[in-house]
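Reading through the structure tokens given below for one structure.
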Amino acid sequence: MIHKPEKVKEAFQIKANLGDREIRMIRASAMGISLYEYEKTLRAIGRDDF
């Protein structure tokens with residue numbers, strides 16, 4: 001999937017909006033894991049506010 005450059009730039013900011021599914025997808029891809037695994041990790045560390 002090709003993402004807009006603005007979204008990619010926003011995804012790597014400290015205060016990125018994790019409520020945005022596309023941003024979570026970009027971050028997961030950068031980490032080399034699936035979106036499911038990334039969301040599972042966020043929940044495990046207490047960031048389940050998305």
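Throughout, read-outs are computed from the coordinates displayed, never taken from laboratory work. Model, not experiment: these values are computed from the prediction. All Cβ positions, glycine included, derive from the backbone under ideal geometry; neighbour counts span all protein chains shown.
Sub-6 Å Cβ pairs linking a first residue in segment 16-41 that is of a type in the set (Asp, Glu) to a second residue that is assigned to a helix (DSSP H, G or I) and surrounded by 12 or more Cβ atoms within 10 Å (Cβ to Cβ), at least 6 apart or interchain, are Glu22/Lys7, ordered by first then second residue. Within segment 3-12, being part of a loop (DSSP other than H, G, I, E, B) and more than 11 Å from the chain's Cα centre (by Cα) holds for His3, Lys4. In segment 14-50, the qualifying residues are those that are over 11 Å from the mean Cα position of the chain (by Cα) and assigned to a loop (DSSP other than H, G, I, E, B), and the one that is surrounded by the fewest Cβ atoms within 10 Å (Cβ to Cβ) is Ile14.
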